[in-house]
Structures are given as C-alpha cells and as structure tokens.
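Colleague: Here it is, the structure in full.
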Amino acid sequence: MTAGTANAVTIATVPVGNPGNAGELSGGAGGYGPPRICGAVAYDYRIGATEVTAGQYRDFLNSVGGVDTYGLYNTGMSSTTLGSGIARTGGGTVGNPYTYSVASDFMNRPVNYVSYWDSCRFSNWLNNGQPAGAQNASTTEGGSYTLNGYSGGDGRTIQRNPGSKWAVTSEDEWYKGAYYNPATSSYYDYPTSSDTAPGQDMADVSGNNANYYTGSGPYPIDSPYYTTVAGEFQDSDSPYGTFDQGGNVWEWNESVVSDTARGLRGGSFGGYGRGDSYLRASSRDYSDAVGYPSYEHDYLGFRVVQVPEPTTLAVLALGGVGMLARRRGLGR
C-alpha cells in the first residue's frame, strides 16, 4: 500500500509545545543507566498519542515485508496471548511473497517483539511516504536513519538524520510528552498526570490507571490478553494528551545508554515484582540482552514522533540541555 490511498497508515499525534522548557534529573532510585537531565526540548513537535499498534505494523509489513530481508517480523508476534496477533503466510520470495494479517482483537493493541532497528525502519517508511516494495534505501533503509541493512549491536553512530519528519522518539521528546506539565513548568512522577502510583482499573472512571504488574490482583488485567487496547485508560492521559506511556509495553527511544544499548522508557504489563517503579519519571532503562538494539521481546514496543521541518542535529542537541525544573509535589 502507498501513501495517499484509503489504506494508508494514519498515526494519531498530539502537539507538544512550550519549547525551551527546562529538564530534570532522571535515573535515580529504581532506574538503570547513568542519570541525566531529561525532558528539555527546544522545538515544537508532535508525538504519537499511543504506541504503534499491531494493525499499523501489519500494514507496514504488507508494504515492505514480502521478502522481509531485514527481519521486520518475529514469529512471537503471532501469539494471541503474549504477542501482537500478527500472522504470516506465504513463501517470502518475490514470486511467493509473505502476506500478513492481524487478529481483530489485536488490531488496536500495541505491536511487540520489535527491535530498535525495526522501529527505525518503520519510521523510515513513514518518513518516505509509506512506499510499497523491497526493503531498500527508498523504503526502510534510508530516510530518518541511514541503515543500509544494519542490524548489529554497536550502532551508536546511527542517529536521526537532519530534515527527518518521522522518527523514533528521542528520550527528551518521550520524557517531556509523558511527564511535563506546561501549566506549572514542572514534572509529574507518573505519565498519568499524577504524582501518585497508578491503579489498574479497566473502567478508569476517575483516571490514573495503567497496565502494569503489581504482584497482587488480577494478572493480566485484560485476560487472556497481556496488553491492553491502545488508549484504554481514557482518563489517564499525560498533560499533553498521550496514553500508555506508563505500562502496556516498554518503548524504545534513541538514547544510547550503557555504551551500546538503546534506551527504554515507561515499563510494561510485566514488572518482575517492581510494581510501579518502572513507570516513574526517575526510571531510565535500556535493552540489556545480548544483541542490544536487535533484541526483541513480548514487552518491547515503540512510539513515533513527528517533527516539523527543518530539523537539524544542532537543534536536537539543544533538547538535552537545560536547567533543572522545579519539582511538582513530593520529591522522588
């Protein structure tokens, strides 16, 4: 499928203004990787209102995954409990290409089993106008990121290209969209516009809820599915109007943490007994398995950002500079 058709992927985004805001220190208790000042962004941008969904990723695969040269599909996606419900058929050749379908009850749940490089390739595809064809420089290998087949671990030099329109969120873009409150020029502890740990109420009448593991109560909370529908907690959005930046699936970001690993933010439906700590603004994380950014798992997904042209590396660099914002409410 190509851009401009009735089936083109539409990414719902919300505007994040207030350029030049101050950042705050993140990476303290409950986090991994070196602490840094996060959340300062010097430009206006738009961030995905939700994580990229299985339905959107299915359309991406059907556009460029007929042969799937660079492994955009993981067989774990086919699971209808821990996966994304995305099934693959066909032979994976030019004459007998793969085709992809998604179970109806997973269409609007987040895609998972995606690596950092999968998320970059999806961003390239959006940036290039959602073309159909082989995985090459005009579809998945060029655009926002110059990949040219890259899928290794030490990809520190692969960064967002100047002039990119769609990209994986930078850590600062992600952090600001999740925690920053422009009304008070300060940061919440949780991405649900709250300094109090979220609950897990699927009805979500009063807000401040998320899909994460607490060690008590029902698990998964939307049985038999481990993920929840994108935007399920409709009264638990961030100040800018994003959903699920806490829980559901960990989200890749562009930061290079711990030498070669790429950053992760937000926690997931699993928590390994850590409760809400992964959802907190103080918690930085990164892929810690062999392979680093090529790592794929049921708790890994991503969110994209749309940046108006022109975007330059110099401007992006300014997003990481800022004085500490004053804290709202209790300290960490």
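Taken together, the values in this text are just the output of simple stated rules run on the coordinates, not laboratory data. A quick note: this is a predicted structure, and the numbers were derived from the prediction, not measured. Heads up, the Cβs are rebuilt from the backbone with ideal geometry, glycines too, and the neighbour counts pull from every protein chain shown.
Colleague: By count of other Cβ within 10 Å, fewest leading, how are ASP222, ASP237, ASP276 ordered?
Modeller: Placing the least packed residue first, the sequence is ASP222, ASP237, ASP276.
Colleague: Something else: What ranking of ASP204, ASP189, ASP118 emerges when the number of other C-beta atoms within 10 Å of each C-beta is taken as an exposure proxy, fewest first?
Modeller: Lowest count first: ASP204, ASP189, ASP118.
Colleague: Could you put SER193, SER115 in order, starting from the residue whose Cβ has the fewest other Cβ atoms within 10 Å?
Modeller: The most exposed by this proxy come first: SER193, SER115.
Colleague: Of VAL257, TYR219, TYR278, whose Cα points farthest to the positive end of the dipole of the chain (charges on the beta-carbon: +1 Lys, Arg; -1 Asp, Glu; origin at the Cα centre)?
Modeller: Selected residue: VAL257.
Colleague: Sort all Cα-Cα distances of the range 172-251 into consecutive 10 angstrom bins from zero, then give the percent of pairs in each bin up to the one containing the longest distance.
Modeller: Each 10 Å bin holds this share of Cα pairs: 20, 52, 24, 4, 0.
Colleague: So what is the relative contact order for the chain, in percent, with contacts set as C-alpha pairs under 8 Å and at least six apart?
Modeller: 26 percent
Colleague: Can I ask one more? Could you size up the charge dipole of the chain around its Cα centre, putting +1 on the beta carbon of Lys and Arg and -1 on that of Asp and Glu, and report it in debye to the nearest 20?
Modeller: Once rounded to the nearest 20, the dipole reads 500 debye.
Colleague: Okay, moving on. Obtain the radius of gyration and the Kirkwood radius of the range 1-158 from its C-alpha atoms and give Rg over Rh.
Modeller: 1.01
Colleague: Give or take rounding to whole Å, what are the principal axis extents of the alpha carbon atoms in the chain, in descending order?
Modeller: 61, 47, 39
Colleague: Next question, about the same structure. Picking from SER170, THR139, THR157, whose Cα lies most toward the positive end of the charge dipole for the range 115-221 (charges on Cβ: Lys, Arg +1; Asp, Glu -1)?
Modeller: Going by the charge dipole, the pick is THR139.
Colleague: Against the empirical 2.2 N^0.38 Å scaling, what ratio does the C-alpha Rg of the range 83-160 come to?
Modeller: So the Cα radius of gyration is 1.22 times the expected 2.2 N^0.38 Å.
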